[in-house]
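The values are calculated or read from the model by the stated rules, or taken from the named source; none is laboratory data. Nothing here was measured: the structure is a model prediction, and the numbers come from that model. Here the Cβ is made from the backbone with ideal geometry for all residues, glycine too, and neighbour counts use every protein chain on show. Areas reflect the complete protein model, heavy atoms only, side chains present, ligands, DNA and RNA absent. Shrake-Rupley method; radii C 1.70, N 1.55, O 1.52, S 1.80 Å.
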Amino acid sequence: MLVRKVKERLFLAGITILTFLTILPLFHIIFSVAVEGLPVILRGGWDFIIGTLAPPDDGLGGIGPAIVGTFVLTFLASLLGLPIAILTGIYAAEYPNSMLGKATRTLLMIMMEFPTILVGLFVMQILVVPMGSYSALAGALALAIVMMPYVAVYTEEALRGVPEKYREGAFALGLTRFNVVFRVLIGLARKGILTGVLIGIAKVAGETAPLLFTAGGATRTYFNGIDRPVGAIPLLIYDLVQQPYENYHEIAWGASLLLLIIFLAIFLPLRLSLKEVKL
Amino acid sequence: MNAIETKDLHIYYGRNHVIKGVNLEIPEKTVFAIMGPSGCGKSTLLRSFNRLLELNENARIEGDVRLFGRSVFEMDPIEVRREVGMVFQHPNPFPHMSIFDNVALGLKLNRLVKSKDELKKTVKWALEKSALWDEVKDKLNEPASALSGGQMQRLCIARAIALKPKVLLMDEPTANLDPVSARKIEELIFELKKDLTIVIVTHSPAQAARVSDYVAFLYLGRLIEVGKTEEIFENPKEELTEKYLTGRMG
């Protein structure tokens with residue numbers, strides 16, 4: 001009897017410690033980014049948000065071009081990726097037993113786990129090399145490819161989660177398949193689809209690897225055309241940390257905190273408020 | 001004129017032979033009940049009438065179903081479903097739409113109305129016909145999910161009859177309702193049969209006796225007996241039917 005109780009206690013303690021170890025890095029990251037980044041942002045003030053990068057060893061300046069670049073890239077990536085991804089999700093949900101439908105689902109799962117640096121290489125091959133320059137368009141395309149599987153899989157699962165009785169009810173009204181999907185099922189699955197869209201956006205807003213060989217980066221000029229190189233916050237952090245200047249490291253901390261805030265601003269309300277539509 | 005006729009109808013789900021050579025004639029503007037124990041194929045048979053069965057990829061149909069003399073398999077399934085409305089066992093109004101939109105959706109998407117005015121009038125007509133208007137006239141823009149189960153089912157009836165179908169299929173429409181709501185639906189059936197043909201599936205012989213003019217008894221996919229309701233209930237010719245009606249089976 002006693003042995004059993006001791007075993008149970010030990011098991012519980014073990015699990016608690018392991019769980020703690022798993023989430024520890026998350027809190028450590030948030031904590032250290034806040035502690036290191038907040039003074040930088042406070043010292044830089046408004047200029048840190050809208051200014052351009054300072055020279056080496058000479059103050060902070062700002063990361064305006066990277067912030068704008070992140071928003072531009074995310075917006076363009078959504079424009080390119082969301083419509084195709086949502087349609088792909090619809091296809092996989094509507095034709096689950098067709099050859100193409102089955103293949104689509106498997107491929108989406110692979111795409112989700114695909115090394116994103118390879119996506120960057122691919123886009124470099126098909127866009128950057130022919131155009132002869134890094135560009136916002138190339139960066140956005142790479143991000144769109146990273147975003148698509150998340151959105152497609154969430155769309156598919158949201159649609160498949162809609163009870164059969166609503167689909168039957170819609171068909172029984174003499175609606176075409178197009179109307180059944182676009183006028184009834186999408187509305188019922190809208191929260192799940194929206195969750196996927198926001199997760200996709202949050203994901204690519206923080207991506208670095210796909211941008212390395214595509215967006216190019218720009219720290220002193222603002223976005224000036226989709227065929228021109230553009231900055232992004234993660235890319236800027238990656239660049240700054242590798243430089244031997246103290247002030248650049250500080251700027252990197254400030255930029256990290258801003259990136260974290262942007263990410264959490266998309267992600268937290270989403271996780272807290274979005275529940276599946278009550279059926 | 002028969003609203004619906006089936007000719008040697010066989011239905012298979014994969015290797016399962018669920019409907020075995022059914023021949024039925026359902027006269028126009030009557031209430032026709034299909035009764036039988038659970039799992040005897042009633043719903044399957046009903047779903048073949050509006051070609052809803054074909055949404056299931058495993059289903060295979062042999063034989064013919066005729067709608068006013070025309071084979072439904074030669075018609076566009078969308079056209080069939082506009083003429084043959086359906087009400088389901090689980091009330092299924094679209095929960096994210098308003099009460100008004102639930103009824104208006106089919107009218108709008110099938111382009112059955114020409115103006116907003118006509119749309120409003122038709123929605124009102126359908127809600128009145130389904131005895132729901134007085135209860136919802138002040139909250140047409142509220143979501144359908146706020147209604148009670150019985151009200152939802154009447155909303156589904158309104159949604160179906162708004163398209164002015166010639167036939168209305170009802171798949172155990174009161175199975176999930178309380179007795180009071182169920183009685184309202186049954187009263188509605190009497191009203192509606194003035195204008196259209198109703199085919200109702202039920203596992204309750206009592207309900208079949210109350211609402212129908214004709215009744216068919218289905219058992220394990222076979223049609224055992226069919227005829228005028230009073231004749232079948234008073235004087236069943238088959239032993240199986242008698243057993244079923246006296247509660248010694250299913």
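Numerical summary
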{"item": "Lone qualifier among B:92, B:50, B:58, B:102 - being open to solvent by 30 Å² or more (accessible area, probe 1.4 Å) and among the polar types (S, T, N, Q)", "result": "B:58"}
{"item": "Residue in the range B:62-71 that is within 14 Å of chain A (Cβ to nearest Cβ) and either in contact with a Phe, Trp or Tyr (Cβ under 6 Å, 6 or more places away or on another chain) or of a type in the set (D, E, K, R) (or both) present", "result": "no"}
{"item": "Matching residues, the range A:197-218, being open to solvent by less than 20 Å² (accessible area, probe 1.4 Å), outside any helix (DSSP H, G or I), farther than 19 Å from residue A:62 by Cα and hydrophobic (A, V, I, L, M, F, W, C)", "result": "A:215"}
{"item": "Subset of the range A:170-193 (residues that are open to solvent by 10 Å² or more (accessible area, probe 1.4 Å), closer than 12 Å to residue A:155 by Cβ and in contact with a Phe, Trp or Tyr (Cβ under 9 Å, 6 or more places away or on another chain))", "result": "A:193"}
{"item": "Looking only at the range A:30-45, and only at residues there that are in a helix (DSSP H, G or I) and free of Cβ contacts under 8 Å to residues at least 12 places away in the same chain, the one that is least open to solvent (accessible area, probe 1.4 Å)", "result": "A:32"}
{"item": "First in the range B:86-112 and under 11 Å from residue B:126 (Cβ atoms), second anywhere and aromatic (Phe, Trp, Tyr), Cβ under 8 Å, 6 or more apart", "result": "B:102/B:94"}
{"item": "Scan of the range B:3-22 for residues that are open to solvent by 10 Å² or more (accessible area, probe 1.4 Å) and in a strand (DSSP E or B), ordered by number", "result": "B:5, B:7, B:8, B:10, B:12, B:13, B:16, B:17, B:18, B:20, B:21"}
{"item": "Checklist (1) out of contact with any helix residue (DSSP H, G or I) (no Cβ under 6 Å at 6 or more places or on another chain); (2) in a helix (DSSP H, G or I); (3) under 30 Å from residue B:219 (Cα atoms); (4) within 11 Å of chain A (Cβ to nearest Cβ) applied to residue B:105, failing item", "result": "(3)"}
{"item": "Tally, over the range B:195-250, of residues that are within 18 Å of residue B:9 (Cα to Cα) and charged (D, E, K, R)", "result": "2"}
{"item": "Residues (outside any helix (DSSP H, G or I), at the interface with chain B (Cβ under 10 Å from one of its Cβ atoms) and not hydrophobic (A, V, I, L, M, F, W, C)) located in the range A:158-196", "result": "A:163, A:174, A:176"}
{"item": "Which numbered condition residue B:164 misses (of (1) at negative phi; (2) within 14 Å of chain A (Cβ to nearest Cβ); (3) open to solvent by 60 Å² or more (accessible area, probe 1.4 Å))", "result": "(1)"}
{"item": "Selection status of residue A:206, over 14 Å from residue B:106 (Cα atoms), under 12 Å from the mean Cα position of the chain (by Cα), modelled with pLDDT under 95 and not charged (D, E, K, R)", "result": "yes"}
{"item": "Candidates B:79, B:74, B:28, filtered to the one that is within 11 Å of another protein chain (Cβ to nearest Cβ) and either more than 23 Å from residue B:163 (Cα to Cα) or surrounded by fewer than 22 Cβ atoms within 10 Å (Cβ to Cβ) (or both)", "result": "B:79"}
{"item": "Number of positions in the range B:82-96 that are part of a loop (DSSP other than H, G, I, E, B) and either farther than 25 Å from residue B:182 by Cα or facing chain A (nearest Cβ under 7 Å) (or both)", "result": "6"}
{"item": "All positions within the range B:108-157 that are more than 13 Å from chain A (Cβ to nearest Cβ), of a type in the set (Gly, Ala, Ser), surrounded by fewer than 16 Cβ atoms within 10 Å (Cβ to Cβ) and part of a helix (DSSP H, G or I)", "result": "B:149"}
{"item": "Given (1) more than 14 Å from every other protein chain (Cβ to nearest Cβ); (2) closer than 25 Å to residue B:230 by Cα; (3) in contact (Cβ under 8 Å) with a residue 24 or more places away in the chain, number of the condition residue B:46 does not satisfy", "result": "(1)"}
{"item": "Count - residues of the range A:219-274 that are open to solvent by 60 Å² or more (accessible area, probe 1.4 Å) and among the aliphatic types (A, V, I, L, M)", "result": "6"}
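Residue-by-condition table, conditions (1) open to solvent by 60 Å² or more (accessible area, probe 1.4 Å); (2) modelled with pLDDT of 95 or more:
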position: A:47; (1), (2): yes, no
position: A:52; (1), (2): no, no
position: A:55; (1), (2): yes, no
position: A:59; (1), (2): no, no
position: A:73; (1), (2): no, yes
position: A:76; (1), (2): no, yes
position: A:85; (1), (2): no, yes
position: A:95; (1), (2): yes, no
position: A:101; (1), (2): no, no
